Amino acid sequence: HGSSNTQANKLTGQEVAKHNNAEDCWVIIHGRAYDVTEFLPEHPGGPKIILKYAGKDGTEQYEPIHPPDTLDKYLDKSKHLGEVDMNTVEKEEKEEDPEEIERQERIQRMPILEQCYNLMDFEAVARRVMKKTAWAYYSSGADDEMTMRENHSAFHKIWFRPRILQDVENIDTSTTMLGSKVSIPFYVTATALGKLGNPEGEVVLTRGARKHNVIQMIPTLASCSFDEIVDAKEGDQVQWLQLYVNKNRDITKRIVEHAESRGCKGLFITVDAPQLGRREKDMRSKFSDVGSNVQDTGGDNVDRSQGAARAISSFIDPALSWKDIPWFKSITKMPIILKGVQRVEDVIRAVSVGCDGVVLSNHGGRQLDFARSGVEVLAEVMPELRRLGLQDKIEVYIDGGIRRATDIIKALCLGAKGVGIGRPFLFAMSAYGLPGVDRAMQLLKDEMEMNMRLIGCNTIDQLGPEFVDTRGLSMHSTGVPSDTLALDAYDPLAGPREKAR
Ligand code: PYR
């Protein structure tokens with residue numbers, strides 16, 4: 001390309017535009033040109049999406065779904081062609097997309113933040129204002145989405161047995177998780193592709209977590225790089241790492257060692273996703289433009305037309321097994337927690353191989369449909385651990401469907417050390433940015449204090465199984481038909497609705 005360099009040795013748009021096909025493909029990302037011809041068949045998101053930008057500027061598509069170090073990490077330096085004089089690059093005429101125009105109108109009519117009174121409200125707003133593909137990726141569950149909905153409704157089958165006259169003037173919701181003090185027993189669990197919801201991505205959650213003194217679990221498949229998310233923390237703020245285990249264990253070892261050196265206080269190995277589930281909403285939205293945190297060049301037979309989840313996950317090792325746990329223990333001093341345990345036998349096995357914790361989770365209903373809710377599994381696990389005298393050998397967490405502080409309290413009564421919350425913070429961030437995340441966390445804190453008071457407990461260690469009635473928990477059918485007479489008479493709350501059109 002040397003001959004065509006113009007002023008200040010920059011490439012011109014015209015020069016780049018000549019390399020516009022599968023045999024010879026250059027693209028511009030953030031003002032620099034790259035020769036991706038040989039990389040095309042290896043792109044985890046498939047070659048098609050790159051070819052759409054062959055000879056052109058692909059930054060806008062690229063940005064939300066690739067951590068900033070992607071090109072340095074995965075494209076040989078010889079293919080980095082240098083700066084482009086962006087004044088010489090033809091601006092694409094953007095067609096007016098009617099869907100996007102409508103979305104912008106909905107954003108204009110968004111309820112103000114103070115109209116959101118609970119976590120569901122953020123979700124209702126996010127649904128209206130997010131880009132369709134982004135909403136589809138975040139909100140989708142596996143298959144018929146039975147487990148996804150069960151996660152939330154499982155909490156409706158647990159009822160309280162509050163106690164009275166306890167002097168509940170002072171309430172303290174603080175506790176510890178894996179030895180770290182937190183102000184309230186929830187953590188921000190790992191969720192992928194944060195920049196789909198907010199241009200700044202996961203660091204927004206880092207800031208929210210800091211403000212409220214809660215722990216953030218950093219996802220392997222974040223939009224921001226791992227280091228950006230760690231750099232965004234302050235002081236003694238605590239972060240954990242969620243790990244997808246790569247077929248190439250050298251890569252995994254590097255990730256784990258780096259996380260430990262950067263101060264991560266827990267290694268959460270995802271064990272419920274040897275292959276990512278089938279999320280049809282995501283697939284339907286034809287999310288072909290993906291490739292977050294690409295860890296593998298695997299040009300094998302990955303089907304790349306199946307939505308964001310499939311496209312970003314081809315590196316995950318389905319051969320991961322119990323035999324690997326000693327190896328993890330040999331490469332890190334971080335506590336090891338298995339994320340995605342779904343039966344009591346596996347909790348006991350996790351104790352016996354020396355794990356420090358488990359997260360009873362079905363991955364937000366995004367993996368095996370008809371997996372039971374974390375809270376139902378919890379109710380099965382804790383009595384058995386107590387019977388075996390193992391209850392203090394391991395910290396038990398749950399995630400999935402938690403939308404209210406009463407859900408958190410129910411889980412803690414049943415013996416959970418804490419709960420993970422994922423989508424609600426993503427939706428708060430997508431709709432309202434950091435102020436949304438801040439408000440969502442504050443709402444949970446306020447609900448928590450009030451409800452602790454109302455069941456008659458001042459501190460977290462007072463919560464126990466005697467405060468809940470779980471007899472309905474194993475019923476997977478709806479016990480009570482809807483009261484249609486009452487429905488006619490009932491005035492629903494005015495939610496965060498849009499103003500009249
Ligand atoms: C998910 O989409 O559920 C991932 O964990 C990547």
Residue satisfying condition, being away from the ligand (no atom under 16 Å from the Cβ) and outside any strand (DSSP E or B), within set Gly201, Gly235: Gly235
Test Asp167 against the stated conditions and say whether it is assigned to a loop (DSSP other than H, G, I, E, B), surrounded by fewer than 16 Cβ atoms within 10 Å (Cβ to Cβ), of a type in the set (D, E, K, R) and on the phi > 0 side of the Ramachandran plot. yes
Does any residue in the stretch 162-176 that is under 26 Å from Lys417 (Cβ atoms) come within less than 7 Å, Cβ to Cβ, of a residue that is exposed (fewer than 13 other Cβ atoms within 10 Å of the Cβ) six or more places away or on a different chain, and which pairs are these? Ser174/Lys181
Answer yes or no as to whether Thr176 is away from the ligand (no atom under 16 Å from the Cβ), crowded, with 18+ Cβ neighbours inside 10 Å and not in a loop (DSSP other than H, G, I, E, B). no
Scanning the stretch 257-310 residue by residue, the ones that are of a type in the set (Val, Ile, Thr), within 24 Å of Lys339 (Cα to Cα) and modelled with pLDDT under 85 total 1
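Results for (1) surrounded by fewer than 21 Cβ atoms within 10 Å (Cβ to Cβ); (2) within 29 Å of Val36 (Cβ to Cβ); (3) acidic (Asp, Glu); (4) out of contact with any strand residue (DSSP E or B) (no Cβ under 7 Å at 6 or more places or on another chain), shown as yes or no for each residue.
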site: Asn87; (1), (2), (3), (4): yes, yes, no, yes
site: Gln104; (1), (2), (3), (4): yes, no, no, yes
site: His152; (1), (2), (3), (4): yes, no, no, yes
site: Phe160; (1), (2), (3), (4): yes, no, no, no
Just give me the residues in the stretch 418-468 being within 20 Å of the chain's Cα centre (by Cα) and of a type in the set (Lys, Arg), in sequence order. Arg423, Arg439
Considering only the stretch 82-112, how many residues are over 23 Å from Asp57 (Cα atoms) and of a type in the set (S, T, N, Q)? 2
Answer residue from the stretch 36-46, given it is surrounded by 19 or more Cβ atoms within 10 Å (Cβ to Cβ) and at pLDDT below 90 and is nearest to Lys77 (Cα to Cα) among those: Phe39
Kindly indicate whether any position in the stretch 70-77 is of a type outside the set (D, E, K, R) and under 22 Å from the mean Cα position of the chain (by Cα). yes
Checking Glu93 against (1) part of a loop (DSSP other than H, G, I, E, B); (2) farther than 23 Å from Phe315 by Cβ; (3) modelled with pLDDT of 90 or more: exactly one of these is not met. Which one? (3)
Report yes if Leu320 is modelled with pLDDT of 95 or more, within 13 Å of Ile269 (Cα to Cα), within 16 Å of the ligand (Cβ to nearest atom) and over 18 Å from the mean Cα position of the chain (by Cα), otherwise no. yes
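Would you mind finding the one in Gly263, Gly277, Gly194 that is surrounded by fewer than 16 Cβ atoms within 10 Å (Cβ to Cβ), in contact (Cβ under 8 Å) with a residue 12 or more places away in the chain and either within 12 Å of the ligand (Cβ to nearest atom) or within 25 Å of Ala350 (Cα to Cα) (or both)?
Gly263
The values are calculated or read from the model by the stated rules, or taken from the named source; none is laboratory data. Small disclaimer: the values here were computed from a predicted structure and weren't measured. Cβ sites come from the backbone with ideal geometry, for glycine too, and all protein chains shown count toward neighbours.
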